[in-house]
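Peer 1: Take a look at this one; I'll ask things after.
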Amino acid sequence: MADVFFTDEQKTLKNKYRELVAEHLIPRAREIDEHDRVPKDLLPKLTKEPIRLSALSVPKKFGGLELGQVEVGIIAEEVGYGYPAMIPLMEIAQLYSHVLLLGGTENQQKRFLSQLAEGKIGCYALTDEGPGSDPTRMKSTAKPDGDGFKIYGKKRLITFADLADLYAIFANEVPEKGAKGISAFIIEKGTAGLKLGRHVPYLGLLGHRAYELNLEGIYVSKENRIGGQGDGLKIALSVLSVTRISLSWGYIGLARAALEASIKFAKARQISNQPLSDYQAIRFKLAELATQIDAARMLAYRASVMADKKLVHRKETSMSKLACADVLIKSVDLAARIHAGYAGDKDYPVPVERYLRDAYSWISAQGTPEVQKLIIAREILL
Ligand SMILES: Cc1cc2nc3c(=O)[nH]c(=O)nc-3n(C[C@H](O)[C@H](O)[C@H](O)COP(=O)(O)OP(=O)(O)OC[C@H]3O[C@@H](n4cnc5c(N)ncnc54)[C@H](O)[C@@H]3O)c2cc1C
């Protein structure tokens with residue numbers, strides 16, 4: 001589909017990542033799902049060579065690939081198709097990188113992004129004990145202490161907090177100012193007071209691991225604050241406005257896998273001496289879904305192009321995330337209905353039951369569909 005809009009370089013990139021995913025990820029999917037771990041030998045292949053998920057958005061001058069949002073999206077679709085739980089590994093690198101790209105000084109970018117180019121893992125800790133949809137109410141604080149700050153609080157649902165070397169953490173420096181007091185900080189692994197909390201056992205997206213993160217008086221110097229006092233929320237929301245785009249492409253990857261599985265099954269399954277795919281009730285559903293997947297991908301493509309052209313794209317990003325999450329749920333739902341009894345069979349070669357678990361575990365990441373509607377409504381009802 002969107003391939004018709006791709007440049008030759010983008011088509012080459014797509015083929016390259018399709019092959020990398022087929023070689024390194026698809027054969028390991030069942031193993032990762034069963035053990036809920038990224039295998040030790042696979043992790044460096046994902047973050048370093050040959051897949052380099054950590055370095056996609058890191059500028060070339062710091063050793064990264066400096067890809068645009070269309071390219072990052074192309075990669076996300078292939079990873080989402082192969083094994084979606086590895087998208088969070090890619091997304092945390094996107095989130096962390098964009099905190100620095102949008103809010104950091106040249107010196108901070110050099111210090112903290114070049115490490116990602118070497119394959120280190122950066123993560124993003126915004127969600128607090130309160131509602132993730134409303135980060136203005138975060139309780140984590142950054143109290144002035146000598147030449148820096150001491151950070152106290154608790155974060156939850158922090159993807160790969162166990163594997164991370166670097167943490168972008170948001171905390172309120174001036175609680176009486178509310179949202180305008182929130183600042184962003186980079187904390188390095190091993191800093192005293194940074195404690196890994198409960199592992200959050202998930203229904204799906206297994207291999208992706210989320211943790212609570214306890215912030216027990218972490219000392220951080222002023223050089224590690226990204227942006228000025230109170231710039232944190234603005235940075236966090238601007239970052240999400242970019243990273244939700246590649247997440248949308250990731251959703252399309254899994255939606256495509258579910259659609260392909262449904263088509264294959266419907267063509268092979270004989271019901272009353274004719275293939276299931278010959279029944280109009282099924283043909284129409286498949287036709288609608290294929291159309292909706294392509295339409296949603298076009299929204300993701302539009303948002304990517306707008307981001308790459310540095311146009312304002314908040315509404316377009318949320319439309320993309322909303323439409324792609326919606327079509328993802330439709331795709332796994334149809335796959336479950338078409339596969340019927342096989343849909344819940346964990347031994348069946350096509351993991352429809354995993355598609356269902358993954359989709360429902362995933363659509364709230366980086367803001368629920370309702371939050372995307374709030375953003376779109378705010379923009380169109382100006
Ligand atoms: C796979 C995954 C990975 C994640 N990784 C990270 C991470 O690495 N770092 C991080 O900081 N966070 C992470 N999160 C957290 C994520 O950002 C939050 O789950 C999300 O923002 C929703 O917050 P919540 O779960 O607290 O739900 P709530 O905010 O409590 O929402 C509950 C319900 O209320 C609805 N709702 C909320 N506000 C409104 C409103 N104004 N109007 C109508 N309905 C509303 C929501 O849509 C939802 O249906 C991750 C989440 C997932 C699922």
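Peer 1: Taking G250, is it closer than 21 Å to A164 by Cβ and within 16 Å of the ligand (Cβ to nearest atom)?
Peer 2: Numbers: closer than 21 Å to A164 by Cβ: yes; within 16 Å of the ligand (Cβ to nearest atom): yes.
Yes; evaluated as a whole, the condition is true for this residue.
Peer 1: Could you give me the residue pairs with C-beta distances under 7 Å whose first residue belongs to region 347-375 and is within 16 Å of V332 (Cα to Cα), whose second residue is surrounded by fewer than 20 Cβ atoms within 10 Å (Cβ to Cβ) and of a type in the set (V, I, T) wherever it lies, and which are 6+ apart or on separate chains?
Peer 2: These pairs meet every condition: A359/I329; I363/I329.
Peer 1: Can I ask one more? Look at E212 and say whether it is of a type in the set (D, E) and in contact with an Asp or Glu (Cβ under 8 Å, 6 or more places away or on another chain).
Peer 2: no
Peer 1: I've got another one for you. Hey, can you tell me all the residues within region 134-152 that are in a strand (DSSP E or B) and of a type in the set (V, I, T)?
Peer 2: Within region 134-152, T141, I151 meet the criteria.
Peer 1: Would you mind stating whether K180 is within 16 Å of the ligand (Cβ to nearest atom), more than 19 Å from the chain's Cα centre (by Cα), of a type outside the set (A, V, I, L, M, F, W, C) and not assigned by TED's automatic domain parsing to the domain that holds R111?
Peer 2: Criteria not met by K180.
Peer 1: Please report, ordered by residue number, the helices (runs of 4 or more DSSP H) entirely within region 16-133 with at least 3 residues that are within 16 Å of the ligand (Cβ to nearest atom), buried (at least 22 other Cβ atoms within 10 Å of the Cβ) and in contact (Cβ under 8 Å) with a residue 24 or more places away in the chain.
Peer 2: 69-82, 87-103
Peer 1: Filter region 333-382 down to the residues that are away from the ligand (no atom under 16 Å from the Cβ) and of a type in the set (D, E), then identify the one that is surrounded by the fewest Cβ atoms within 10 Å (Cβ to Cβ).
Peer 2: Among those residues, the one meeting the criterion is D347.
Peer 1: What is the number of the single condition among (1) away from the ligand (no atom under 12 Å from the Cβ); (2) closer than 15 Å to N224 by Cα; (3) part of a strand (DSSP E or B) that Y167 does not meet?
Peer 2: If we test Y167 against (1) away from the ligand (no atom under 12 Å from the Cβ); (2) closer than 15 Å to N224 by Cα; (3) part of a strand (DSSP E or B), just (1) comes out false.
Peer 1: Sticking with this one: Within region 149-158, can one find any residue that is modelled with pLDDT of 95 or more, touching a helix residue (DSSP H, G or I) at 6+ places or on another chain (Cβ under 6 Å) and either surrounded by fewer than 24 Cβ atoms within 10 Å (Cβ to Cβ) or among the hydrophobic types (A, V, I, L, M, F, W, C) (or both)?
Peer 2: no
The values are calculated or read from the model by the stated rules, or taken from the named source; none is laboratory data. Note that the structure is a prediction, hence the values are computed from the model and not measured. So basically every Cβ, Gly included, is an ideal-geometry build from the backbone, and we count neighbours across all protein chains shown.
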